[in-house]
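The values are calculated or read from the model by the stated rules, or taken from the named source; none is laboratory data. Here the structure is a predicted model, which means the values were calculated and not measured. As a convention, Cβ positions derive from the backbone with ideal geometry for all residues, glycine included, and neighbour counts pool all protein chains shown.
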Amino acid sequence: MCGRFAQAQTREEYLAYLADEAERDIPYDPEPIGRYNVAPGTKVLLLSERDEQLHLDPVLWGYAPGWWDKPPLINARVETAATSRMFKPLWQHGRAIVFADGWFEWTKEDGHKQPYFIHRKDGKPIFMAAIGSTSLERGDEAEGFLIVTAAADRGLVDIHYRRPLVLSPEAAREWMRQDISGKEAEEIASDCSLSADLFTWHAVTRAVGNVKNQGPELIEAVN
């Protein structure tokens, strides 16, 4: 699962891994995004392709079409998203990427919930596969996005049985391409997700459990 993550660097630091300036219609902004505790129900910078260029838009994390009478969903399982009634249209035409520094998961330890921050061992950003209604100019009342999740593997299972589908920069770029079919996207999801071996994790302060808390101390290791 992915229910909280950090998106704190400048947009340029993330975009540098994905495309040069000619391939994107995104204003330069040197200011760090500075969100160390991104929560569902808030607007998040979401990367998608329109007219063969990358666009970065603030989109609500959560999705619920008009016929859905439950709270908005925040994750979509990779095993079923391509074929489900709710997610198939998004899988076909609403693939996007959420860039981040890492994500949080909680485990039960000594009678309380202990949060962990999971990130790449080499410190590089992560690119999480997402699907959503990202055509902002359409004014879709069901606008929003979900992070695609997969079964956790190897050591990540110790933290949580689900994990976000994290793609390499090259695969992330392909995932967003409008001329890639839903079937081809299934192949990218199956073949190009990053191995658990590339990740590490450490315990962090329980202050991250309060969505009002922000700051770099939330991703620092605690004893």
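The figures follow:
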read-out	value
Unique match (being at pLDDT below 90, aliphatic (A, V, I, L, M) and either surrounded by 14 or more Cβ atoms within 10 Å (Cβ to Cβ) or in a helix (DSSP H, G or I) (or both)) among 157, 148	157
Members of region 12-33 that are without any contact (Cβ under 8 Å) to a residue 12 or more places away in the chain and under 16 Å from residue 57 (Cα atoms)	27
Residue among 79, 109, 12, 23 that is more than 15 Å from the chain's Cα centre (by Cα) and under 15 Å from residue 172 (Cα atoms)	23
From the options 96, 64, residue that is surrounded by 13 or more Cβ atoms within 10 Å (Cβ to Cβ), of a type in the set (A, V, I, L, M, F, W, C) and at pLDDT 95 or above	96
Selection count, region 79-135, where residues are part of a helix (DSSP H, G or I), touching a strand residue (DSSP E or B) at 6+ places or on another chain (Cβ under 8 Å) and either closer than 15 Å to residue 220 by Cα or in contact (Cβ under 8 Å) with a residue 60 or more places away in the chain (or both)	1
Residue match in region 34-45 (condition: touching a helix residue (DSSP H, G or I) at 6+ places or on another chain (Cβ under 6 Å), of a type in the set (S, T, N, Q), in a strand (DSSP E or B) and crowded, with 19+ Cβ neighbours inside 10 Å)	yes
First in region 34-52 and among the hydrophobic types (A, V, I, L, M, F, W, C), second anywhere and exposed (fewer than 13 other Cβ atoms within 10 Å of the Cβ), Cβ under 9 Å, 6 or more apart	44/58; 45/58; 46/58
Residues of region 177-223 classified as surrounded by 15 or more Cβ atoms within 10 Å (Cβ to Cβ), in a loop (DSSP other than H, G, I, E, B) and under 17 Å from the mean Cα position of the chain (by Cα), total	2
Unmet criterion (only one of (1) in a loop (DSSP other than H, G, I, E, B); (2) small (Gly, Ala, Ser); (3) within 19 Å of residue 173 (Cα to Cα)) for residue 66	(3)
Residue satisfying all of: in region 104-136; touching a Gly at 6+ places or on another chain (Cβ under 7 Å) and small (Gly, Ala, Ser); modelled with the highest pLDDT among these	132
Every pair of residues 6+ apart whose Cβ atoms lie under 6 Å, when the first sits in region 188-205 and is touching a residue at least 40 places away in the same chain (Cβ under 8 Å) and more than 13 Å from residue 164 (Cβ to Cβ) while the second is surrounded by fewer than 16 Cβ atoms within 10 Å (Cβ to Cβ) and small (Gly, Ala, Ser)	202/221
